[in-house]
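Here is the structure we will look at, set down as structure tokens.
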Amino acid sequence: MTGELRMWKQGDTLGPWTEVVTRRHLVQYAGASGDFNPIHYDEEAAKSFGLPGVITHGMFNMGLLARYLEAAAPPGGRLVSFRARFRSMVQPGQTLEITARVIAVSRDAEQERAVVDVSLTVKGQPKAAVAGQAVMMWRDSWGDPGGPSS
């Protein structure tokens, strides 16, 4: 997955990537984040709050998006900003599909910047559970401030 597209262009599609969320993911995320809300590990507690069962941490889902973006970025790419909307719940055992689309790319003498729309969809559901936009940056690897010759 690393460097899937060496240089991104406006309109490029990234992914899809899939991930199956497990209870182990939730335990690991809870330990790392300190978020031990019982809706993320206790079935009865989650249902007592009107939920269908245990749900994933929203920030865990957002972290999956960030992880896949950084892995697919051109060499040296890094995530510099990210915003997302949580639209529906994700539960352990569900298969997630992550996709992204490059909206814009700009260049200057030393670096490139891409604006990317990202989404995380539960397989079989029509709408994204998480949708957002990220800004990625990487150093211009062309070595020529004018970019590649056309």
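The values are calculated or read from the model by the stated rules, or taken from the named source; none is laboratory data. These numbers were taken from a predicted model, which means no experiment stands behind them. So basically every Cβ, Gly included, is an ideal-geometry build from the backbone, and we count neighbours across all protein chains shown.
Figures for the structure shown
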| item | result |
| --- | --- |
| Unique residue being modelled with pLDDT of 95 or more, not in a strand (DSSP E or B) and not basic (Lys, Arg) when the list is ALA100, ALA30 | ALA30 |
| Sole residue being closer than 15 Å to PRO16 by Cα and aliphatic (A, V, I, L, M), chosen from VAL80, VAL105, VAL116, VAL90 | VAL116 |
| Condition check for VAL90: within 16 Å of VAL130 (Cα to Cα), over 11 Å from the mean Cα position of the chain (by Cα), exposed (fewer than 15 other Cβ atoms within 10 Å of the Cβ) and not hydroxyl-bearing (Ser, Thr, Tyr) | no |
| In the stretch 103-129, residue nearest to ASP12 (Cα to Cα) [restricted to those that are assigned to a strand (DSSP E or B) and touching a helix residue (DSSP H, G or I) at 6+ places or on another chain (Cβ under 9 Å)] | VAL116 |
| Hits in the stretch 36-67 - residues which are touching a residue at least 24 places away in the same chain (Cβ under 8 Å) and either in contact with a Gly (Cβ under 8 Å, 6 or more places away or on another chain) or assigned to a loop (DSSP other than H, G, I, E, B) (or both) | LEU51, PRO52, GLY53, VAL54, ILE55, THR56, HIS57, MET62, LEU65 |
| Members of the stretch 82-133 found to be β-branched (Val, Ile, Thr), more than 30 Å from VAL27 (Cα to Cα) and in contact with a Leu (Cβ under 8 Å, 6 or more places away or on another chain), listed by number | VAL102 |
| Hits in the stretch 22-40 (condition: among the aliphatic types (A, V, I, L, M) and under 15 Å from MET89 (Cα atoms)) | LEU26, ILE39 |
